[in-house]
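Trainee: Take this structure, written in structure tokens, and hold onto it; I'll ask about it next.
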Amino acid sequence: MSWPRTALLSLSDKSGAAEFAAALAANGARLLASGGTARHLRDAGLSVTAVEDWTQTPEMLGGRVKTLHPNVHGPILARRDVPEDLATLAARGLDPIDLVAVTLYPFEERAGGLDEAAAIEEIDIGGVALLRAAAKNHASVVVIHESAQYAGVLAALGAGGPTPAQRREWAIAAFARTARYDAAIGADLERRAGEAPPRFMTLALERVRGLRYGENPHQCAAMYAPAGHAAALRASREGKELSYNNVLDVEAAVALVARFPEPACVIVKHNQPCGVATAATLEQAAAQALGSDELSAFGGIVAFNRTADAAAARVLAAKFLECVAAPGFTAEAESAFMQKKNLRLLTCVLQPVTGPSRDWSLHQAGAWWLAQRDAGEPAPAWKTVTRRAPTAAEQQALEFAWPIVGAAPSNAIVLARGTQLIGLGAGQTSRVDAVDVAIMKAKRAGHRLAGAALASDAFFPFADNVEHAAAEGIAAIVQPGGSMRDAEVIAACDRLDVAMVFTGRREFRH
């Protein structure tokens, strides 16, 4: 069988519906449609049998019950290779339904702006049941859940009929759609209940693209997004396919660069920021970010928070980099990057990449999922706790360093001069080791430490951290505070003429 003999349409989104239905009718299909869909198709000049005429039962409960009827679901679910099923239909004077097209009430789009009673009315019952029934019997029934599928379905029908693989693909997509729909309803009701953390979280993910490989070449990998809401990640140039590690580093770089209002450049390597700078121009920011730690920047990921221009591109074009991400690229910038044949250029709208898909961020830990979310209230005001307050220049460097240390794996220490990262010690199991690693990297890169600022993502447990930093001329420190030895640490700062500020909030990242 190629073209359906009977097709049922129940559509909230009616875009393209008249043209699709006309193509079915022109090839011999009888059209069944519910309420508003039937009116829409009739207005387009098509002959339509209303569902209530097919079932001999009018709509009930103000439209809550339209298609929930044996005379609808029987013809969809009847197994074509089971004579008893077909005999049951014949006894009722019913023909099998060979195609079901349903677009659900737009709960996801509308519910957030409605009170609970109105949101409940946006929950589609009959449409979900139709999709599930048709998807269950996909060996015999074509199931369509969105208007974007019309062209592909018509092409398959016109080519002699859908293949089993196509039918299965459409069924999988329909089940994924109903799963996503139910997840959205559950999440909305949980939100209205106000329970935190929520009792249930349901993930409905859709494969966005394949990846070159996982963390290692022997591992298969792919990239997913919340179903129906793929984030904007467009490769304007992709010499090699992106890998799992590339995407992790792109997210880390873009998330950090988006935190700076000034023109900024961030370079990330193995999920750690190894180059960060803000400046009056992207060209200056790129040069200073590269100068943070040029050795570590080799093979890194670069992100800009402005459209990348030719001047910024020329700073980086001669270096070996994996990816450059930006909100856009000028034609001249793309041309400058062309000399590196394997370099990927990614156009990233900052908010979809950096913004969570939900209020809670999730992390898989073995058989469990951990959930957390940021506090709703603003961060505490910073407080100077030493006799000497930071100078204006030191304060600027501290404020620049603070978001960077929060983006680095703990234990983390950041050294900054002005608005340039000059040293990073990250992922260390002791905080004083993180201080020493940051100092070592700054010296190796040729940076002057006298007068620099230091940021620590958590409190100093001992005064040795201050002593190691002050011995190199570091002049100001920002840290959360909260150690049982805070008094000793403050006293060491006062003794060594180091200004110190407490933020009152830790910035661990594991």
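Trainee: Checking the structure you have, find out if any residue of the stretch 327-342 is in a strand (DSSP E or B) and modelled with pLDDT under 95.
Mentor: Yes; the residues of the stretch 327-342 include at least one that is in a strand (DSSP E or B) and modelled with pLDDT under 95.
Trainee: Give the stretch 124-141 a look and list any residue that's of a type outside the set (D, E, K, R) and either part of a helix (DSSP H, G or I) or open to solvent by 40 Å² or more (accessible area, probe 1.4 Å) (or both), or say none.
Mentor: Passing the criteria: I125, G126, G127, V128, A129, L130, L131, A133, A134, A135, H138, A139.
Trainee: Let me ask something else about it. Among (1) buried (at least 16 other Cβ atoms within 10 Å of the Cβ); (2) without any contact (Cβ under 8 Å) to a residue 24 or more places away in the chain, which single condition is V72 missing?
Mentor: The one condition V72 does not meet is (2).
Trainee: With of a type in the set (A, V, I, L, M, F, W, C), touching a residue at least 40 places away in the same chain (Cβ under 8 Å) and either closer than 21 Å to E146 by Cβ or open to solvent by 70 Å² or more (accessible area, probe 1.4 Å) (or both) as the only criterion, which of L99, L41, L46, L61 stands out?
Mentor: Step by step, each of L99, L41, L46, L61 is checked, and only L99 is of a type in the set (A, V, I, L, M, F, W, C), touching a residue at least 40 places away in the same chain (Cβ under 8 Å) and either closer than 21 Å to E146 by Cβ or open to solvent by 70 Å² or more (accessible area, probe 1.4 Å) (or both).
Trainee: Here's a check for you: in the stretch 275-300, which residue that is open to solvent by less than 10 Å² (accessible area, probe 1.4 Å) and among the small types (G, A, S) is nearest to A258 (Cα to Cα)?
Mentor: Per the criteria, the residue is A277.
Trainee: Out of the stretch 367-395, which residues are at pLDDT 95 or above and open to solvent by 100 Å² or more (accessible area, probe 1.4 Å)?
Mentor: K383, R387, listed by residue number.
Trainee: Counting just the residues of the stretch 200-230 that are small (G, A, S), touching an Asp or Glu at 6+ places or on another chain (Cβ under 8 Å) and not in a loop (DSSP other than H, G, I, E, B), which one comes out surrounded by the fewest Cβ atoms within 10 Å (Cβ to Cβ)?
Mentor: Checking each candidate, the answer is G210.
Trainee: Sticking with this one: Could you identify the single residue in A412, A375 that is of a type outside the set (F, W, Y) and in contact (Cβ under 8 Å) with a residue 12 or more places away in the chain?
Mentor: A412
Trainee: Residue under question is L104, and the condition is that it be open to solvent by 10 Å² or more (accessible area, probe 1.4 Å) and farther than 27 Å from A155 by Cβ; does it hold?
Mentor: No; evaluated as a whole, the condition is false for this residue.
Trainee: A further question follows. If you scan the stretch 376-416, which residues turn out to be more than 33 Å from the chain's Cα centre (by Cα) and either under 17 Å from G504 (Cβ atoms) or not hydroxyl-bearing (S, T, Y) (or both)?
Mentor: Within the stretch 376-416, K383, T384, V385, T386, R387, R388, A389, P390, A392, A393, E394, Q395 qualify.
Trainee: Going through the stretch 241-268 one residue at a time, which ones are closer than 20 Å to E215 by Cα and among the hydrophobic types (A, V, I, L, M, F, W, C)?
Mentor: L242, V247, L248, V250, A252, A253, V254, I267, V268
Trainee: Additional query: Among R314, R259, which is touching a residue at least 40 places away in the same chain (Cβ under 8 Å) and open to solvent by 40 Å² or more (accessible area, probe 1.4 Å)?
Mentor: Of the residues listed, the single one that is touching a residue at least 40 places away in the same chain (Cβ under 8 Å) and open to solvent by 40 Å² or more (accessible area, probe 1.4 Å) is R259.
Trainee: Look at A156 and say whether it is buried (at least 17 other Cβ atoms within 10 Å of the Cβ) and in contact with a Pro (Cβ under 7 Å, 6 or more places away or on another chain).
Mentor: Spelling it out, A156 is indeed buried (at least 17 other Cβ atoms within 10 Å of the Cβ) and in contact with a Pro (Cβ under 7 Å, 6 or more places away or on another chain).
Trainee: May I pose another question? Within the stretch 440-474, track down each residue that is surrounded by 24 or more Cβ atoms within 10 Å (Cβ to Cβ) and either over 15 Å from N411 (Cβ atoms) or of a type outside the set (S, T, Y) (or both).
Mentor: If the condition is that a residue be surrounded by 24 or more Cβ atoms within 10 Å (Cβ to Cβ) and either over 15 Å from N411 (Cβ atoms) or of a type outside the set (S, T, Y) (or both), then A442, A452, A453, L454, A455, D457, F460, N465, V466, A469, I474 are the ones that fit.
Trainee: Next question. Does at least one position in the stretch 96-118 carry a residue that is farther than 30 Å from R192 by Cα, small (G, A, S) and in contact with a Phe, Trp or Tyr (Cβ under 9 Å, 6 or more places away or on another chain)?
Mentor: Checking the stretch 96-118: at least one residue is farther than 30 Å from R192 by Cα, small (G, A, S) and in contact with a Phe, Trp or Tyr (Cβ under 9 Å, 6 or more places away or on another chain).
The values are calculated or read from the model by the stated rules, or taken from the named source; none is laboratory data. Since this is a predicted model, take the numbers as computed values, not measurements. So basically every Cβ, Gly included, is an ideal-geometry build from the backbone, and we count neighbours across all protein chains shown. Only protein heavy atoms, including side chains, enter the accessible area calculation; ligands, DNA and RNA are left aside. Shrake-Rupley method; radii C 1.70, N 1.55, O 1.52, S 1.80 Å.
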